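Data first, discussion second: the structure below is written as structure tokens.
The values are calculated or read from the model by the stated rules, or taken from the named source; none is laboratory data. As the structure is a computational prediction, the values presented were derived from the model and not from experiment. Methodologically, a virtual Cβ is constructed for each residue, glycine included, from the backbone with ideal geometry; neighbour enumeration extends over all protein chains shown.
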Amino acid sequence: MRRVRPPRFPDRDFDITEFGAVGDGKTDCTSAIRAAIAECHSSGGGRVVVPPGTFATGAVHLLSDTNLHLSAGATLAFSRDPADYLPVVYTRYEGVELWNYSPLVYAHRERNVAITGTGVIDGRADDSHWWDWTGGAPPNESPDKTRLNELAAAGAPVAQRVFGGGHHLRPNMVQFYSCENVLVEGVTLRDSPMWNLHPVLCRNVTVRSVVVDSPHGPNNDGIDPESCTDVVIENCVINTGDDCVALKSGKNADGRRVDVPCENVVVLDCEMADGNGGVTIGSETSGGIRNLFVRRCAMSSPRLERAIRIKSNPERGGTIEKIYVHQVNVGQAADAVVEMVLNYANVTTGAFPPDLHGVVISQLTAANAPRALNMIGDETHPIRDIRLHACRFDAMSEADVIRNVEGLVLNQVWTNGVRIDT
């Protein structure tokens, strides 16, 4: 945490209304916002200020030394027209590189970039826009997902993996790709087409006091550092339709090709409500994940499936190690409080079994859930060296599931008032 330092910016402001933006919720402000960003960048950096009002826009691309500042009462209301996110950009879709629709806010190979303030980034996704691409009647994303994964498995160059117009792979809402010195602070992210905040291949990332309010959409992960180094996520409130915080490192053959781990990540003093997992590793683990520290977090909701979750399978591979969870308070969870499974998506065979070992969980308390532990390793590559210390699980209604786990140590662990030590 001493090493992670947010970027600093010159004391210069560039108000988007001075470049023609109108906060009436109707006028297309895309060109005005882009002009303000370009002027800020060419002037040596500063703040691009979004004043109070609702500003309709298409894709926003950040440049180096630029802080996009959303004032109190400011909303960026993003277009629901996929054409407004063309031309395609270099990005990732569920851990696989491709050219696709631009994320709503995007930066590629930039330094010193930020989104700050107390305003709202509104993706305006709903069951008739973006989310309807996930299934049901065609057109939907399934054929494109299959094709992308086939191209990656065959080793097709990324330049040949062009989707975007005429295809149905949803963009993330905010994505920093191959950037250094990134700050996201104070803003609210709402109703993303897919993952909300997605730093990829970034170094020195601070996410602080961010609210993610996107509980209804599919695959609406909150904060997903992927193949990043030195990340601090603190004082955030996350309510999502999928994992709240999820560490990732690329999927299958493409993850092994890029081969960059996600490492040195701190999740501190956060609150998680709805979601498939509070803090999750995976399922895209192919580049490896290590040195995750989770401290002083609160998680609770009847729609929070698990609190701490590690998920992978023998097609994903990767080494997952040095995971430390301390002082986590779980009120209610809908499934296991702690889950570590290496058969994710019911995949039990493959040439790349993950290596999951070295997890320490201490001072975790849970008030109500079906079970405390769900741990399923691989028959030939078991989960190893897991230690729970001074943990308490109350009102658990079902027995733990533990299979193919070696070196599980329970020390001062209480379940339903009964001490269980190994």
- Would you please list the contacts, defined by Cβ atoms under 7 Å and residues six or more apart or on different chains, that run from a residue in segment 357-377 that is assigned to a loop (DSSP other than H, G, I, E, B) to a residue that is charged (D, E, K, R)? Pro370/Asp335; Pro370/Glu398; Gly377/Arg403
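Sort out which residues of segment 38-70 are among the polar types (S, T, N, Q) and in contact (Cβ under 8 Å) with a residue 40 or more places away in the chain, and write them in order of number.
If the condition is that a residue be among the polar types (S, T, N, Q) and in contact (Cβ under 8 Å) with a residue 40 or more places away in the chain, then Ser64, Thr66, Asn67 are the ones that fit.
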- Hits in segment 176-195 - residues which are over 16 Å from His61 (Cα atoms) and among the charged types (D, E, K, R): Glu185, Arg190, Asp191
- Search segment 149-172 for residues being of a type in the set (S, T, N, Q) and either within 24 Å of the chain's Cα centre (by Cα) or closer than 22 Å to Ala83 by Cβ (or both), and hand back the single one that is surrounded by the fewest Cβ atoms within 10 Å (Cβ to Cβ). Asn149
- Out of all the residues in segment 109-148, which are surrounded by 21 or more Cβ atoms within 10 Å (Cβ to Cβ) and modelled with pLDDT under 95? none
- Positions within segment 408-422 being of a type in the set (S, T, N, Q), in a strand (DSSP E or B) and farther than 13 Å from Ala372 by Cβ, in sequence order: Asn411, Gln412
- Is it true that Ala334 is modelled with pLDDT of 95 or more, within 28 Å of Glu271 (Cα to Cα), of a type in the set (Gly, Ala, Ser) and not in a strand (DSSP E or B)? yes
- Query: Looking at Ser192, is it modelled with pLDDT under 95 and either touching a Lys or Arg at 6+ places or on another chain (Cβ under 6 Å) or buried (at least 24 other Cβ atoms within 10 Å of the Cβ) (or both)?
  - Reply: no
- Task: Using the structure shown, decide if Asp224 is closer than 19 Å to Phe293 by Cα and acidic (Asp, Glu).
- Result: yes
- Task: For segment 49-64, enumerate the residues that are over 24 Å from the mean Cα position of the chain (by Cα) and surrounded by fewer than 24 Cβ atoms within 10 Å (Cβ to Cβ).
- Result: Val49, Pro51, Pro52, Gly53, Thr54, Ala56
